[in-house]
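Novice: I have a structure here, written as structure tokens, and I will follow up with some questions on it.
The values are calculated or read from the model by the stated rules, or taken from the named source; none is laboratory data. Because the structure is a prediction, the values reported are computed rather than measured. Positions of Cβ are generated from backbone atoms using ideal geometry, with glycine treated the same way; all protein chains shown enter the neighbour counts.
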Amino acid sequence: MKTQPLIRIVYASRATPECMANLSENIEQILASAIGNNRPKGITGLLIAHRGWFLQALEGPTDEVHQLFKHICADRRHRDATVLGECAIQIREFGLWSMCARQLSPTDALILGELDRRPTFEPANFPERAVMRLLRTVAGVHKLSLTQQQGLASA
Ligand code: FAD
């Protein structure tokens, strides 16, 4: 069987007020589903939540990523999913994790650097490269805790 090419989709979406009311628990539930579902499909990625927004990168075989993204878009915990970029990839950026999630804390403000200097945070209008820079930076800084989180959640 021919191996499917790998792609990456990066999108931003708005968490609903109901989701925001219990964000930590919702993230835990999303993560638990994601780790179980993504691994057998060869999907890897990173999800961050910040100021009412979700930002997620999904990497993996083309059909699997498209199917998962469609499924995620139907989730009532968020809305207005906007694709910021979709491209073929040779190498995974977030290959360590079938999915990891992090709610950015005020102490992560430094991480946001250039991106977050503006008063409003509207990632749906950010260029993909800016969001990728943010996701890469979060992944780099929190590599250890993200890896532990996945290890614990999948134990
Ligand atoms: P079930 O868990 O049976 O849920 C059925 C439907 O109900 C889901 O489609 C969802 O829309 C909704 N739902 C589930 N739980 C709740 C809740 N607590 N409150 C409101 N609605 C709910 N899943 C993955 O497998 N991989 C991912 O990478 C991934 N990333 C996600 C990123 C975001 C930002 C969000 C919001 C969700 C993500 N999910 C992901 C979760 C995904 O949308 C599904 O809930 C999950 O895959 C379980 O699907 P299921 O068909 O087994 O549905």
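Novice: Taking the range 1-27 on its own, how many of its residues are in contact (Cβ under 8 Å) with a residue 40 or more places away in the chain and surrounded by 13 or more Cβ atoms within 10 Å (Cβ to Cβ)?
Specialist: Qualifying residue count for the region: 16.
Yes/no per residue for (1) in contact with a helix residue (DSSP H, G or I) (Cβ under 9 Å, 6 or more places away or on another chain); (2) surrounded by 13 or more Cβ atoms within 10 Å (Cβ to Cβ); (3) over 16 Å from Pro123 (Cα atoms):
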position: Ala57; (1), (2), (3): yes, yes, no
position: Thr62; (1), (2), (3): no, yes, yes
position: Phe69; (1), (2), (3): no, yes, yes
position: Ala74; (1), (2), (3): no, no, yes
position: Val83; (1), (2), (3): yes, yes, no
position: Ala88; (1), (2), (3): yes, no, yes
position: Arg92; (1), (2), (3): no, yes, yes
position: Met99; (1), (2), (3): yes, yes, yes
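Novice: Does Ile48 qualify as being in contact with a strand residue (DSSP E or B) (Cβ under 9 Å, 6 or more places away or on another chain) and near the ligand (Cβ under 10 Å from one of its atoms)?
Specialist: For Ile48, the condition - in contact with a strand residue (DSSP E or B) (Cβ under 9 Å, 6 or more places away or on another chain) and near the ligand (Cβ under 10 Å from one of its atoms) - is met.
Novice: Does the range 33-44 contain any residue that is near the ligand (Cβ under 10 Å from one of its atoms), closer than 13 Å to Leu135 by Cβ and touching a residue at least 12 places away in the same chain (Cβ under 8 Å)?
Specialist: The answer is yes, given that some residue of the range 33-44 is near the ligand (Cβ under 10 Å from one of its atoms), closer than 13 Å to Leu135 by Cβ and touching a residue at least 12 places away in the same chain (Cβ under 8 Å).
Novice: Of all residues being free of Cβ contacts under 8 Å to residues at least 24 places away in the same chain and small (Gly, Ala, Ser) in the range 54-109, which is farthest from the ligand (Cβ to nearest atom)? Just the residue, please.
Specialist: Ala109
Novice: So, Gly151, is that one modelled with pLDDT under 85 and within 30 Å of Gln4 (Cβ to Cβ) or not?
Specialist: Spelling it out, Gly151 is indeed modelled with pLDDT under 85 and within 30 Å of Gln4 (Cβ to Cβ).
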